Every structure is written in C-alpha cells, then in structure tokens.
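**Student:** Questions regarding the structure given below will be posed in turn.
The values are calculated or read from the model by the stated rules, or taken from the named source; none is laboratory data. Every value quoted in this text rests on a predicted model; they were computed, and no experiment measured them. Here the Cβ positions follow ideal geometry from the backbone for every residue, glycine too, while neighbour counts run over all protein chains shown.
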Amino acid sequence: MSLITRAARDENGGVALIFGLAVIPIFAFAGFAMDFSRATDVRAAMQNAADSTALQAVMARQEGRQLDIEQTFMGNFHHRAELEGISVSAEWIGLNRVRVTSDAVLPMTIGAVLRPDLDVGVTAIAEGRVETRATENIFEVLRSDAADFNELFAYCYDTVNDERLGPIDPDPYAREERMDFVKVADNDRFGEFEPAEAIDIDCAPDEEVSYMMRNTRGANHNPGLRGSSRARIYEFYSDTTRDEDNPEAFSFNFEVDILETILCRTREECRIESEGGIIPDIRGRNRNPAREEQGCREGHYLFIGLEDRPPEWGSSDRDYDDLRFLISCPSREERRDTVRLVG
C-alpha cells in the first residue's frame, strides 16, 4: 500500500493535513493586519511631517527665505520604519499657499505572503496671509449721464508680473484663494444695484487695487441689451501702479483716453461747479479732461470720471461723466495673519 493511500485512509493524518493547510492563510492574514497597522502608523508620521513642512515653507516664503523641502520633511519625520523610495515635493498653488506631497513604499514582513509592499502617500496644504489692504473709507457714486450701461469692478493688478487678479478672499477657509472681480458701482438709471459705501479690497504685496469699467453699448437706454448676445461689450482696465519715488502718487493706466481725475482737499470740494465744488458740470462736452499728478494724499479725496466711448474710436462726446465716483485717498497697510493648514 502506497504512502499516499495510507495517509488518505488515516483519519488522524487527514485532520493534521487540513489543519496545516488552513494555518497558512490564517497566519498570512494576521501578518498582513500587523503590517497594515504599521502602515497606518507610518502614514500618520508622514502626515505630521508634511503638515509641519508645509507650514514652515509658507513662513519661510513670507520672510523671504528659501527652504529645502526634502531636508525639512526628513527632519520632521520621526519614525523608524524602513521605507523604500520615499519622495517629497512641494508645489505653490497660490501666492502664499503650498501643497506638500510625500510618497513611500513600505516593505511587508509577515504579510509579504499576500503582498510584498504597500504604497503610503500623504498631502498637506498650508496657507499664510500677507496682504496689502487698501481701504477707501469713502466711496461715493456721483450722478452720471450716459445711454450706455457702465459697471465698475475692483481687482488687484500685479505690477511685477503684469497680471490681473481677483481680490484675496478674506475667508481663510475659502476653497479658492482669490475671488472674482468685485462689482462696486454702476450707472444704472433704474438703481437696481446698491453701490458700495467703502471699498475694502485685499491684494498681495506688489499688487495695487485697480478698476475695470465694463461698457455695454446702449443698455442704459435699452436694458433689454444687458446680457444679450446682441450687445456690444467693451472692458477698460486701469492696471494701477505707484510711483516708486512718491508712493502717494499712483497712475491709472487705461490704454485709451477715458479718464479724468481731480484731487479735492475736502469732500465738499468734490461736487460739481454749480453746487459750489470744483468738478465740471455734467454735459460739459468736447473738453480736455483734468489729470491729477500730485498724488492722492491721505486725508484728501479723488474724483474719478470715465468716458465710456474713447475719443480715439470716434463718436465720443468727451464729457467724462459716463461713470463718476469719489474715493478718499486709500491708506495702505501690510497685514500678516497666522499661517494655517487648509487641507
């Protein structure tokens, strides 16, 4: 009788054989569970290191320092696990927002029977707030005269990179760092939009609060053109800059001749001439606009009048009263908030 035949007929041997075969996957799954627990501990340690590295990277940028991301991460990583192929990278996804990513391969021990290794990856996003706050405590829309519908939006102009950006969202937990351009006024004859009484726009360093006028031809006289595919729409950007030698003097850099600016010592001065002020009366057509060159000093007021049909394009009445508003000369302050994790 062969050995296999005897083993098949031996009930005791059969039980032992079945038990032996069953023990292998039991131990394998138990080992995998232990390795998975190790991976969880490693992931937690990597996440802490990524969080710390992201926060340090933002603080370093705010202070004008360069940070070695990989070296900083490894200095923050406190775990003795033997990892293979660990990688660390950082990507700036906003002016002061960074994403730190780390991936590694953790070799399995007992669980290697089922899987030789396990991929471990973490991501951390940190953000810091450094803004140049331009606060115009007074913002007043003056009476305008135009058949076109003109809207005014505030935005931030990056003077270094020649880029137009939405204001920084004041909500530190906002999904996006930047908002859309903020509408602040229009010349709607029907008064549907409530204009701002103060402009409070947050821009980054090297950015200036600027204004964009959107002109919809004939849409004040005919509101049905607003939003219509038949409407002719034009946009004009101030792309504001400041004089390095005289920070109080800033320039509105419209590409066409649509601007009039007048500096007033008091708010009462910024009224039309017929009301005792120094601003040209409405319907003063075909004239050369005033341009303020001295700078907008704190405590003073600046009148801004816009012509919605550039003289260079023809058919302009050159009255510079199609959208008119008054601002108190803005104050500038740098504000630094606590760096925080946002993802």
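**Student:** Just to be sure before I move on: is ASP239 among the charged types (D, E, K, R), in the same structural domain as ILE199 (by the TED database) and within 33 Å of the chain's Cα centre (by Cα) in the structure I sent?
**Tutor:** Answer is yes for this residue.
**Student:** When only residues in region 276-302 that are hydrophobic (A, V, I, L, M, F, W, C) and touching a residue at least 60 places away in the same chain (Cβ under 8 Å) count, which is surrounded by the fewest Cβ atoms within 10 Å (Cβ to Cβ)?
**Tutor:** Selected residue: ILE282.
**Student:** Six or more apart or on different chains, Cβ atoms under 8 Å: show the pairs whose first residue is in region 208-228 and in the same structural domain as ALA196 (by the TED database) and whose second is assigned to a helix (DSSP H, G or I).
**Tutor:** THR216/LEU225; ARG217/LEU225; GLY218/LEU225; ALA219/LEU225
**Student:** Does THR266 qualify as being modelled with pLDDT of 80 or more and either under 21 Å from ASP308 (Cβ atoms) or among the small types (Gly, Ala, Ser) (or both)? Can you show your working first?
**Tutor:** Values: modelled with pLDDT of 80 or more: yes; either under 21 Å from ASP308 (Cβ atoms) or among the small types (Gly, Ala, Ser) (or both): no.
Answer is no for this residue.
**Student:** Which number in (1) part of a loop (DSSP other than H, G, I, E, B); (2) under 24 Å from ASN246 (Cβ atoms) marks the one condition that GLY305 misses?
**Tutor:** (1)
**Student:** May I pose another question? Within the group GLU273, GLU248, GLU244, which residue is assigned by the TED database to the domain that holds ALA198, farther than 19 Å from MET212 by Cα and in contact (Cβ under 8 Å) with a residue 40 or more places away in the chain?
**Tutor:** Values: GLU273 fails: in contact (Cβ under 8 Å) with a residue 40 or more places away in the chain; GLU244 fails: in contact (Cβ under 8 Å) with a residue 40 or more places away in the chain.
Testing whether each residue is assigned by the TED database to the domain that holds ALA198, farther than 19 Å from MET212 by Cα and in contact (Cβ under 8 Å) with a residue 40 or more places away in the chain leaves just GLU248.
**Student:** So, one more: From the residues in region 242-265 that are among the acidic types (Asp, Glu) and closer than 16 Å to TYR301 by Cβ, which one is nearest to the chain's Cα centre (by Cα)?
**Tutor:** That would be GLU248.
**Student:** Now a separate question. In the same structural domain as ASN215 (by the TED database) and out of contact with any strand residue (DSSP E or B) (no Cβ under 6 Å at 6 or more places or on another chain): does that describe GLY305? Write out each step before concluding.
**Tutor:** Working: in the same structural domain as ASN215 (by the TED database): yes; out of contact with any strand residue (DSSP E or B) (no Cβ under 6 Å at 6 or more places or on another chain): no.
Spelling it out, it is not the case that GLY305 is in the same structural domain as ASN215 (by the TED database) and out of contact with any strand residue (DSSP E or B) (no Cβ under 6 Å at 6 or more places or on another chain).
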